[in-house]
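J.: Before we start, here is the structure in question, set down as structure tokens.
What follows draws every value from the coordinates through simple rules; no lab data is involved. All figures in this text were calculated on a predicted structure; none of them were measured in a lab. Ideal geometry is used to build each Cβ from the backbone, glycine not excepted, and the neighbour counts take in all protein chains shown.
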């Protein structure tokens, strides 16, 4: 039953032989380093504040920059949602300071909530922060392959965020056409939409630079002995995610340029002929197609879903292996699944477009691919569940969040199946069911996993532990109230309540039986906000007052970021001695010897291993 | 830089490439997707169009039947020649560095930059004559596609000029004041810049028939 990768199979010994090659190269590399030694010493003096914290090229500092900025945006996007929920629970009610929400303001909040959460919150946190900080440490690299590009990537992200924020203050406010920016509405929107497009171009540029950097780093800078199948699953998840970002974002950039041309040059790529608005017929050449935008948008935005979920799966896999104290079940199966999933995610986009009248043949194709792509997701999730079996589970705070992720992502995935099939999608399309579905994937799914990552790697970054009790309060509050917010959405959606309604469906008779859920959801949302307070306190309080970690390998982990670096790691260079890797990623409770875990960088015991290699040769 | 990142210049043995070369190929892959998206949009829009180019021949009252009645094929052909020539000089500049002939490098790189400017000047005349006939991106879908696709390509050419001009001017310090390792690094940079330049050239090779001839 157990398919745990162990270090003593003949295949592995073959790998060990193969690894002699990079080792040969070491002298060469050292010679290079010597040539630069004189430059080296000059740079060891104290760096100024700006160089150290703002224009830093150290992947760890950039990771922290990403993390803090993204957490801020997550909080901001969450606040927008709270205002919307206030309005939905009691339409037209006066909100302190802001007054009653106008429909225009509600639409701005809706569009910007989605944009901020996806492009400025979760992706930067999952990829920019965790990827940047952890990936080089886990593969034994001293930094990313292109440190200055890495810095540029953060700055593009930051300015993209600033442009998006500034768009609230231009005449008639921010974008109101939803995070999907569907034309023709988005083409004839007010100035905020132009700002949105400029902001997106900056955010896309940031992602592209990041993706190039991640892929190059993972391919080129793995430590000696870190073969692809010895990479922790988190690295694999980031690797595939980077490919998705690299190849899926450019078509959206193309679409963004076309929409900018529509708005600024007066072209009509997305404007059909004969369009009439409230101000009379539009004076444009016409002949364009709103559907073209949808195709280009979803060609990005479906892989984007996996950009949101794969790093989360990676984090959960790390934490589950570490806290069950046994190898991941089916590590290789999970890796193959994640590769297949990355590939398939490029050919499922039109399942967002079943009601556009594409025709049954095309619908059939995309239904099939959509059902196929659910298979690798299920394999990964099942492998994570099976990994729990027979483990001696430590219920640490990160583990609680990781365990919370599993069923929540399960609900998110399963509620997606009816949306992947045209016959059931057509009645559910554009209802609250869709909102419930993808929020289950992203909020109680991905965000719980991201919290798990914060609790898991916080001691690595700061050298201090986070408070356990506050963490547990945060976990249970988040888990319960997230369900309180999102589960009723599924019920409302099945009753037919449309999304994006300013009054939450008050004026429709069919929504009457389910309308009262709005208050319940809004109360849950505000309690969810309350449940974040322990996290915020914990996060800042532990920086100064948290218990200092007693040893570098705080969680008794096998992966390099814990076993081979000091805690926190050395600025600029990470390692005191660059490690070599001799083992599979998760050698917990190995059957041989009385050891509880063996880190990846621990050399094999001298006599036995060398003999077998010689015998092999 | 504070750190010496491994495989900046020397290829990693098991992958066979250095970092920059892998990075530029990945970047070009994303560029393929960018222009792929634009070409796909072109196909999508043209399939939905009633007529293509769907406009009068300039200065006449007859409907154009082919794109070459609206656009100037001779100028575009000239531009194609210019870009291909610039790709050749780009390779020559890199080869000169390999042969340790820095003067020739300056010459060929300078030519590459001049040819690129030549391309943009011809492009400016083309655009100018369109504007002179009151033909703008907003006029119709054909011109919208023409201006936006060639415009994005021209932005890429401009980017190439900036990069190449840096390597022709201030960037040469790495070669003139550097040791052998720095020289190898500089040669590598020119190769990478060349890969980008050839890609820009290649995009034009696709754009020319697609927009002017088909």
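J.: Which value, in nm² and rounded to one decimal, describes the direction-averaged projected area of the C-alpha convex hull of the stretch A:73-178? Write out the running numbers ahead of the final one.
T.: Values: hull surface 32.5 nm².
Computed as one quarter of the Cα hull surface, the answer is 8.1 nm².
J.: Could you tell me the calculated FRET efficiency between residue A:551 and residue A:516, based on Cβ-Cβ distance and R0 = 56 angstrom, to the nearest 0.05?
T.: Details: r = 54 Å, r/R0 = 0.96.
E(calc), rounded to 0.05, equals 0.55.
J.: Take residue B:59 and residue B:101, extend 7 Å from each Cα along the Cα→Cβ direction, and tell me the distance between the two endpoints in nm.
T.: Going by the 7 Å Cα→Cβ label model, 4.7 nm.
J.: If packing is taken as the average count of other Cβ atoms within 10 Å, what order do A:243-255, A:71-83, A:191-203 fall into, highest mean first? Show your work: numbers first, answer last.
T.: Working: A:243-255: 24.6, A:71-83: 18.0, A:191-203: 21.6.
Highest mean packing first, the order is A:243-255, A:191-203, A:71-83.
J.: I'd like the mean, over residues of B:16-26, of how many other protein chain beta carbons sit within 10 Å of each residue's own Cβ. Present the calculation step by step, with values, prior to reporting the outcome.
T.: On the way: counts 0, 3, 3, 9, 4, 2, 7, 11, 2, 3, 12.
For peptide B:16-26, the averaged partner shielding equals 5.
J.: Report relative contact order for the stretch A:57-272 in percent, whole number only (criteria: Cα-Cα under 8 Å, sequence separation at least 6). Provide the component values of the computation, followed by the final result.
T.: Values: 297 pairs, mean separation 49.9, N = 216.
With pairs under 8 Å counted, the relative contact order is 23 percent.
J.: May I pose another question? So what's the Cα pair-distance distribution over the stretch B:23-83, bin width 5 Å, in %?
T.: All Cα pairs, binned at 5 Å, distribute as 4, 15, 12, 14, 20, 17, 9, 5, 2, 1, 0 percent.
J.: For a quick check: sort A:61, A:578, A:368 by the number of other beta carbons within 10 angstrom, fewest at the front. Mind dumping the intermediate values first?
T.: Numbers: A:61 21, A:578 16, A:368 13.
By the 10 Å Cβ count, ascending, the order reads A:368, A:578, A:61.
J.: Sticking with this one: Roughly what angle does helix B:19-48 make with the longest principal axis of chain B, taking Cα atoms, 0 to 90 degrees, to the nearest 10?
T.: 10 degrees
J.: If you don't mind, there's one more thing I want to ask. When the Cα centres of the stretch A:418-469 and the stretch A:91-105 are compared, how far apart do they sit, in Å?
T.: Computed from Cα coordinates, the inter-centre distance equals 28 Å.
J.: What ranking do A:99-107, A:298-306 get when scored by the average of other Cβ atoms within 10 Å per residue, highest first? List each step's numbers first, then the result.
T.: Values: A:99-107: 15.7, A:298-306: 23.2.
Ranked by mean Cβ neighbours within 10 Å, highest first: A:298-306, A:99-107.
J.: Next question, about the same structure. How high is the relative contact order of the stretch B:8-155, given as a whole-number percent (alpha carbon pairs under 8 Å, six or more residues apart)? Kindly include the intermediate steps, with their values, before the conclusion.
T.: Values: 96 pairs, mean separation 23.7, N = 148.
It comes to 16 percent, rounded to a whole number.
J.: Report the calculated FRET efficiency for residue A:49 and residue A:533 (r = Cβ-Cβ distance, R0 = 22 Å), to the nearest 0.05.
T.: Numbers: r = 31 Å, r/R0 = 1.39.
After rounding to 0.05, the efficiency reads 0.10.
J.: Per residue of B:174-181, how many C-beta atoms from partner chains lie within 10 Å of its own C-beta, taken as a mean? Spell out each step's value before the answer.
T.: Details: counts 0, 0, 0, 0, 0, 2, 1, 4.
Shielding by partners across B:174-181 averages 1.
J.: A further question follows. Determine the shielding of peptide A:255-261 by partner chains: average, over its residues, the number of Cβ atoms on other chains within 10 angstrom of each Cβ. Intermediate results must be reported in sequence, preceding the final value.
T.: Values: counts 3, 0, 9, 9, 0, 1, 8.
Counting Cβ atoms of other protein chains within 10 Å of each residue's Cβ and averaging gives 4.
J.: Then there's this: Place a point 7 Å from Cα of residue B:122 in the direction of its Cβ. Which residues in the stretch B:177-214 have their backbone N less than 16 Å from it?
T.: Counting only backbone N, you get B:200-213.
J.: Does anyone have the angle between helix A:59-89 and the longest principal axis of chain A? Alpha-carbon axes, 0 to 90°, nearest 10?
T.: The angle comes out at about 30 degrees.
J.: What's the exposure ranking of A:487, A:354, going from fewest to most Cβ atoms within 10 Å?
T.: Numbers: A:487 19, A:354 22.
Neighbour counts put them in this order, fewest first: A:487, A:354.
J.: Based solely on C-alpha atoms, express the radius of gyration and the Dmax of the protein assembly as shown in angstrom.
T.: 28.3, 92
J.: Right, something else. Just report the Cα centroid separation between the stretch A:291-308 and the stretch A:380-399, whole Å.
T.: 32 Å
J.: Can you sort A:541, A:179, B:197 from fewest to most other Cβ atoms within 10 Å of each residue's own Cβ? Can you show the working numbers first?
T.: Details: A:541 15, A:179 18, B:197 27.
Ascending number of Cβ neighbours within 10 Å: A:541, A:179, B:197.
J.: How large is the helix-only mean residue ellipticity at 222 nm for chain A, computed as the sum of -39500 (n - 2.57) over DSSP H runs with n ≥ 4, divided by its residue count, in deg cm²/dmol to the nearest 500?
T.: Working: 21 runs with 373 residues, N = 617.
Result for chain A, helices only: -20500 deg cm²/dmol.
J.: Moving to a separate point now. What do you get for the angle between helix A:517-545 and the principal long axis of chain A? Use alpha-carbon atoms, 0 to 90 degrees, nearest ten.
T.: Approximately 30 degrees, to the nearest 10.
J.: Then there is this: Mean-square fluctuation check for chain B, GNM, Cα pairs under 10 Å: which of B:113, B:82, B:43 is largest?
T.: B:43
J.: Could you tell me what percent of the DSSP beta bridges with both partners in chain A are antiparallel, to the nearest 5?
T.: 90 percent
J.: Per-residue counts of other Cβ atoms within 10 Å, averaged by peptide: what ranking do you get for B:27-34, B:153-160, highest first? Present the calculation step by step, with values, prior to reporting the outcome.
T.: On the way: B:27-34: 19.4, B:153-160: 17.8.
Most protected by this proxy first, the peptides run B:27-34, B:153-160.
J.: Roughly speaking, what % of Cα-Cα pairs in the stretch A:57-272 are separated by over 30 Å, rounded to a whole number? Could you put the intermediate results ahead of the total?
T.: On the way: 7268 of 23220 pairs.
Here the long-distance tail beyond 30 Å is 31 percent of all Cα pairs in the stretch A:57-272.
J.: Follow-up. Where the convex hull is taken over the Cα atoms of the stretch B:169-214, what is its projected area averaged over directions, in nm²? Write out the running numbers ahead of the final one.
T.: Numbers: hull surface 14.8 nm².
So the Cα hull casts an average projection of 3.7 nm².
J.: Relative contact order for chain A: what is it in percent, counting Cα pairs under 8 Å that are at least 6 residues apart?
T.: Values: 982 pairs, mean separation 94.1, N = 617.
15 percent.
J.: With just the Cα atoms defining each centre, how far is the stretch B:23-86 from the stretch A:178-207? Give it in Å.
T.: Rounded to whole Å, the Cα centres lie 25 Å apart.
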